[in-house]
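The values are calculated or read from the model by the stated rules, or taken from the named source; none is laboratory data. Treat the numbers as computed from the prediction; the structure is a model and nothing was measured. Here Cβ is always computed from backbone atoms with ideal geometry, including for glycine, and neighbour counts include all displayed protein chains.
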Amino acid sequence: MALNIEGTIEGSSQLIGGDFTTAGEASTLLKVKLTELGVAEDIIRRAAIATFEAEMNVVIYAAAGWLHYYISPQGIRIRIEDMGPGIADIGLAMQEGYSTAPDWVREMGWGAGMGLPNMKRNSDVFTIDSVVGEGTTVEMVINFP
Amino acid sequence: MKLLDVANALSLEVKSFKDGLQKDVTGAYVSDLLSDVMANSKQGNIWITLQTHLNIVAVASMKGLAGIVIVNGRQVQEEVLKRAEEEKMPIMVTQMPAFEIAGKLYRLLA
Ligand SMILES: Nc1ncnc2c1ncn2[C@@H]1O[C@H](COP(=O)(O)OP(=O)(O)OP(=O)(O)O)[C@@H](O)[C@H]1O
Ligand SMILES: [Mg+2]
């Protein structure tokens, strides 16, 4: 299917900290949108993985947040911003295996310290900004081939 | 090999989305860490795990996995099966532990 995108298509979803039940809905909405637009399956998969990991971090660590996406003929830009504790040492947080997830979250199988590396690996541009006591913003760009 | 053939050969109890048994299986991945599955499983894989909560459905569907096999005869809650049905994701249960089911599946797919 040919790409069917004119201008920029935008969407947003609200994310609620602690809500494991609806976690994944925002990523699924983006996935559905990209499928409608005829985006290639491997690009959709990368976007879905990166977005879901970011969504889960908001659910696990923050009080609330927003996911915004912008789809243009060039690619997808995804921004996830939260109100939460923030990250003191981003370099450390980016290391595979580093996690501060509490035990009950680890019992669910989260907390491998692989989410941020997964986001980075699946995006062409990855940026993370954080202010301790305020929140964290992750921005990811995935280019169309 | 089709998921149906795997389910029959290994006597898996299919708990959700029976229509999905027509999917082709590309291999399998064994892990109880969700981000590890997000990173390292491949499309069309069977995911062998002891995790049974709601998030496993989202992980499997984001990755385009063929299905989820729950080990040790663990119970899966109705809410999870319902979500799996909606997301078109087969969930199957085996009485075997992960090592045994993985070994049998490896032999079957090799
Ligand atoms: N939005 C966020 N707000 C506050 N802290 C965060 C946020 N995202 C990540 N962190 C911190 O960075 C660490 C690493 O995050 P990452 O997603 O890589 O791993 P994880 O969430 O611990 O485990 P996994 O993603 O493998 O389930 C977290 O344990 C947490 O301390
Ligand atoms: Mg994470």
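Being part of a loop (DSSP other than H, G, I, E, B) and more than 12 Å from chain B (Cβ to nearest Cβ) is the filter; apply it to region A:99-109 and report the residue that is nearest to ligand 2 (Cβ to nearest atom). Ranking the qualifying residues of region A:99-109, first place goes to A:Thr100. Here A:Gly115, A:Gly91, A:Gly97, A:Gly133 are screened, and the one residue that is at pLDDT 95 or above and surrounded by 20 or more Cβ atoms within 10 Å (Cβ to Cβ) is A:Gly115.
Filtering region B:53-78 to residues that are within 13 Å of chain A (Cβ to nearest Cβ), within 11 Å of the chain's Cα centre (by Cα) and more than 16 Å from A:Ser27 (Cβ to Cβ) leaves B:Ile68, B:Ile70. Test B:Val93 against the stated conditions and say whether it is modelled with pLDDT of 95 or more and surrounded by 22 or more Cβ atoms within 10 Å (Cβ to Cβ). The answer is no for B:Val93. Within 16 Å of ligand 2 (Cβ to nearest atom) and within 14 Å of another protein chain (Cβ to nearest Cβ): does that describe A:Met140? For A:Met140, the condition - within 16 Å of ligand 2 (Cβ to nearest atom) and within 14 Å of another protein chain (Cβ to nearest Cβ) - is not met. Would you tally the residues in region B:10-40 being of a type outside the set (Ser, Thr, Tyr), assigned to a helix (DSSP H, G or I) and either within 14 Å of chain A (Cβ to nearest Cβ) or within 16 Å of A:Arg45 (Cβ to Cβ) (or both)? So the answer is 6. Yes or no: region A:2-15 includes at least one residue that is more than 10 Å from chain B (Cβ to nearest Cβ), closer than 28 Å to B:Asn40 by Cβ, within 16 Å of the chain's Cα centre (by Cα) and within 16 Å of ligand 1 (Cβ to nearest atom). There is at least one residue in region A:2-15 that is more than 10 Å from chain B (Cβ to nearest Cβ), closer than 28 Å to B:Asn40 by Cβ, within 16 Å of the chain's Cα centre (by Cα) and within 16 Å of ligand 1 (Cβ to nearest atom).
Filtered by the rule that a residue be surrounded by 15 or more Cβ atoms within 10 Å (Cβ to Cβ) and in a loop (DSSP other than H, G, I, E, B), region A:73-88 gives A:Gly84, A:Pro85, A:Gly86, A:Ile87.
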